[in-house]
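Working notes for the structure below.
The values are calculated or read from the model by the stated rules, or taken from the named source; none is laboratory data. All of these numbers come straight from a predicted model, not from anything done at the bench. Cβ coordinates were reconstructed from backbone atoms using ideal geometry, including for glycine residues, and neighbour counts include every protein chain displayed.
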Amino acid sequence: MRTSRTLPILVTAVLALPLLAACGGNNSSGSASDKVAITATDTACKVAKTELKTGKIAFAITNKGDKATEVYVYGKHDGAYDRIVSEVENIGPGTSRDMQVELGGGTYEIACKPGQTGDGIRQKITVEGAKANTEAEEEAYDREVEVEAKEHQLEGLDTLTAKVGEKIEFKLENQGTTEHELEVFGPDGKEVGEVSPVKPGTTGEAVITLAKPGTYTYKCGIADHADKGMKGSFTVS
């Protein structure tokens, strides 16, 4: 009697398992199967899917290289893929990070940057659907601030003062002999924007919103440039 009563109970429990699994996989962050895998190494940047649909896209980044890396999504601007749409930095060897970004229709480039420097190893992706309003994405700004990068100085920010909520286009002119960049951090220490690495003799720009009052810091994040003097601070009030 005990055996014949146990069997229906076991069958019922087994049948319930798929229902429980289906409920467990339904969360707001999306399951692993919903994410587009990016595998970064010291010599490659492999994107699992290069044809995507418009909307919010979650990338699951794994660093299988020996160097810390960062991954960028670049949009097109004036014929070049140099407009930063999204980024994740400081991905250590053997670690994984997620990056969520909303993309309109068009072409983009994914860049993995082993050693967190240079233009990166790039993979083009295509997003099907309505085009994003690129003019809006490039963004109007309140004023422009020019910054000169030399070995090893960042000139033009030491006397900067700004108002809360200002959108400033930072233009970084590289007058040095190696690549330089400009990273800007808010009063809480979190990065609020950056001008990505700029080659010698060229200029890069980024529109950065200074949303909170307080002391902002900036630096060139390439190699030991900050330790050599390429850093400083300014006030937003």
Inter-residue pairs, beta-carbon under 7 Å, first farther than 19 Å from Gly204 by Cβ and in the stretch 66-92, second surrounded by 20 or more Cβ atoms within 10 Å (Cβ to Cβ) and among the acidic types (Asp, Glu), 6+ apart:
Val88/Glu70; Asn90/Glu70; Ile91/Glu70
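Residue by residue, here is whether (1) in a strand (DSSP E or B); (2) within 21 Å of Gln100 (Cβ to Cβ); (3) touching a Gly at 6+ places or on another chain (Cβ under 8 Å) holds:
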{"site": "Lys49", "(1), (2), (3)": "no, yes, no"}
{"site": "Leu52", "(1), (2), (3)": "yes, yes, no"}
{"site": "Ile57", "(1), (2), (3)": "yes, yes, no"}
{"site": "Thr62", "(1), (2), (3)": "yes, yes, no"}
{"site": "Gly65", "(1), (2), (3)": "no, no, no"}
{"site": "Tyr74", "(1), (2), (3)": "yes, yes, no"}
{"site": "Asp82", "(1), (2), (3)": "yes, no, yes"}
Val147: closer than 26 Å to Ser233 by Cβ, surrounded by 15 or more Cβ atoms within 10 Å (Cβ to Cβ) and not assigned by TED's automatic domain parsing to the domain that holds Thr54, yes or no?
yes
Out of the residues in the stretch 210-228 meeting the condition of being hydroxyl-bearing (Ser, Thr, Tyr) and surrounded by 15 or more Cβ atoms within 10 Å (Cβ to Cβ), tell me which one is farthest from Gln175 (Cα to Cα).
Tyr216
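One line per residue, one yes/no per condition, for (1) surrounded by fewer than 15 Cβ atoms within 10 Å (Cβ to Cβ); (2) at pLDDT below 90; (3) in a loop (DSSP other than H, G, I, E, B):
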site	(1), (2), (3)
Asp158	yes, yes, yes
Gly176	no, no, yes
Gly189	yes, no, yes
Ala206	no, yes, no
